[in-house]
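Below is one structure, written out as structure tokens; the observations come after it.
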Amino acid sequence: MAELATIARPYAEALFKASASDLAGTAVWLDELAAVAGNAQLQQFADNPKASVAQVFDVVTGVTKSALPDAGKNFLRTVIENGRLSVLPEIASQFRVLKNAVGGSADATVFSAFPVEGAALADVAAMLEKRFGRKLNVKVVLDPALIGGIRVVVGDEVLDTSVKARLEQMKVALIS
């Protein structure tokens, strides 16, 4: 089977070109569809040969929080008809990369042991933008295993200032 990235690329590029006038709006509904499509039970239902395209479409649109625009409905119907619902999260990921390239920004995931909100998040985002040299779309994910500090992932770059990482470094130094 072909890799998900290879399958998703044409869909992401076509959607990117078709929605050039409203990339931000498209990204919102596409991320929502990707979150829904990532559900294992939905994937199992969609893979069932007895489930029709219309039934899968109705289930997905029924679960989404906001109403899909016509372009979103058409895109979802095309993805379902081609049996690519399971690829939708990767399509959304590649679409975000294309959107960010146009805007000169990148997605950043901040893993933290504790919630980071408000002014603290703004300070962290400003520091990270200076460190990585570009505008960042920051998302916080809680990870209690870090004990303290943060771990930041921007594309393939990682900045780890967590207590867990420091303890691992000390462990390696003591064992060596």
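The values are calculated or read from the model by the stated rules, or taken from the named source; none is laboratory data. As the structure is a computational prediction, the values presented were derived from the model and not from experiment. Cβ placement follows ideal geometry from the backbone for every residue including glycine, while neighbour counts extend to all protein chains displayed. Please note that ligands, DNA and RNA were not included when accessible areas were found on the heavy atoms of the full protein model with its side chains. Shrake-Rupley method; radii C 1.70, N 1.55, O 1.52, S 1.80 Å.
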Q. For the range 16-59, how many residues meet the condition of being open to solvent by less than 40 Å² (accessible area, probe 1.4 Å), over 14 Å from the mean Cα position of the chain (by Cα) and under 17 Å from V102 (Cβ atoms)?
A. 3
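Only one residue in E157, E168 is surrounded by 12 or more Cβ atoms within 10 Å (Cβ to Cβ) and either without any contact (Cβ under 8 Å) to a residue 40 or more places away in the chain or not hydrophobic (A, V, I, L, M, F, W, C) (or both). Which one? Give the derivation first.
On the way: E157 fails: surrounded by 12 or more Cβ atoms within 10 Å (Cβ to Cβ).
Testing whether each residue is surrounded by 12 or more Cβ atoms within 10 Å (Cβ to Cβ) and either without any contact (Cβ under 8 Å) to a residue 40 or more places away in the chain or not hydrophobic (A, V, I, L, M, F, W, C) (or both) leaves just E168.
Being more than 22 Å from P10 (Cβ to Cβ), among the hydrophobic types (A, V, I, L, M, F, W, C) and surrounded by 16 or more Cβ atoms within 10 Å (Cβ to Cβ), is that true of even one residue in the range 70-87? So that I can check it myself, show each step before the final result.
The first filter runs over the range 70-87 and keeps only residues more than 22 Å from P10 (Cβ to Cβ), leaving none.
No - not one qualifying residue is present in the range 70-87.
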Q: Could you pull out the residue among E13, E117 that is closer than 29 Å to R134 by Cα, free of Cβ contacts under 8 Å to residues at least 24 places away in the same chain, open to solvent by 20 Å² or more (accessible area, probe 1.4 Å) and among the acidic types (D, E)?
A: E117
